[in-house]
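Shown next, in structure tokens, is the structure this report addresses.
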Amino acid sequence: MKIWLRKSDKISENNIEIYYNGQNDRSIKQIMKIISLYDTRLKAYDDQHNMFLIPIPLIYYIECVDNKVFIYTKDEVYRSHERFTELKNSYASEGLIQINKNTLVNKIHIQSIQIEKECRRKLFLNNDESLIVNRKYSKQFSI
């Protein structure tokens, strides 16, 4: 696969064209999905209450602790004013999947899955963090 980037000051918005020969249709569809996810952004706040719009692919996981919702990226932690259940329902189609009562994980950042005791799974993310999948949610991670 060859990839070209061309910068132009003559265009008003970014454009992406993909030419493919019919092979690797699944890979091409996954690339298209990931690119389109960058248009979907989640409103988040830092400790100083500055607002950020975080693209879904940059989110590693979302966790609810003491009724406060935290958004974890590779290097930062943000707060969300949305309820955990609202985020779960709104972004399930974007790849954020529930792994326990209080955690959603972005499946594009799952590096590996390990089987644990009592039908649990342990997810290793590509930022060297690990998360536990409770038994109730482990069916989606069957090995």
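The values are calculated or read from the model by the stated rules, or taken from the named source; none is laboratory data. Computed from a prediction, not measured in an experiment: that's the story for all the values here. All Cβ positions, even for glycine, are placed from backbone atoms using ideal geometry, and neighbour counts span all protein chains on display. For the accessible areas, the whole protein counts, side chains as well, though only heavy atoms, and no ligand, DNA or RNA atoms are used. Shrake-Rupley method; radii C 1.70, N 1.55, O 1.52, S 1.80 Å.
Only strands (runs of 3 or more DSSP E) wholly contained in the range 39-93 count here; list those with 3 or more residues that are in contact with a helix residue (DSSP H, G or I) (Cβ under 8 Å, 6 or more places away or on another chain) and not small (Gly, Ala, Ser).
Where strands (runs of 3 or more DSSP E) fall fully within the range 39-93 and carry at least 3 residues being in contact with a helix residue (DSSP H, G or I) (Cβ under 8 Å, 6 or more places away or on another chain) and not small (Gly, Ala, Ser), they are 59-65.
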TODO: Kindly check whether there is at least one residue in the range 83-100 that is touching a residue at least 24 places away in the same chain (Cβ under 8 Å) and either open to solvent by 60 Å² or more (accessible area, probe 1.4 Å) or among the basic types (Lys, Arg) (or both).
DONE: no
TODO: Please tell me if residue 33 is out of contact with any Ser or Thr (no Cβ under 9 Å at 6 or more places or on another chain), open to solvent by 80 Å² or more (accessible area, probe 1.4 Å) and assigned to a helix (DSSP H, G or I).
DONE: yes
Task: Filtered residue count, the range 116-128, keeping only those that are open to solvent by 80 Å² or more (accessible area, probe 1.4 Å) and under 14 Å from residue 103 (Cα atoms) - done: 0
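Has the range 105-115 got any residue that is under 16 Å from residue 42 (Cα atoms) and open to solvent by less than 80 Å² (accessible area, probe 1.4 Å)?
Yes, because at least one residue in the range 105-115 is under 16 Å from residue 42 (Cα atoms) and open to solvent by less than 80 Å² (accessible area, probe 1.4 Å).
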TODO: Scan the range 29-54 for residues that are aliphatic (A, V, I, L, M) and modelled with pLDDT of 85 or more and jot them down.
DONE: 42, 44, 51, 53, 54
Open item on the list: If residue 19 satisfies all but one of (1) open to solvent by 100 Å² or more (accessible area, probe 1.4 Å); (2) within 30 Å of residue 81 (Cβ to Cβ), what's the number of the condition it fails?
Closed with: (2)
- [ ] Quickly run through the range 1-55 and pick out the residues that are aliphatic (A, V, I, L, M), in contact (Cβ under 8 Å) with a residue 24 or more places away in the chain and touching a strand residue (DSSP E or B) at 6+ places or on another chain (Cβ under 9 Å).
- [x] 37, 42, 44, 54
- [ ] Please determine, by comparing only the residues of the range 129-143 that are at pLDDT 90 or above and open to solvent by 60 Å² or more (accessible area, probe 1.4 Å), which one is farthest from residue 35 (Cα to Cα).
- [x] 132
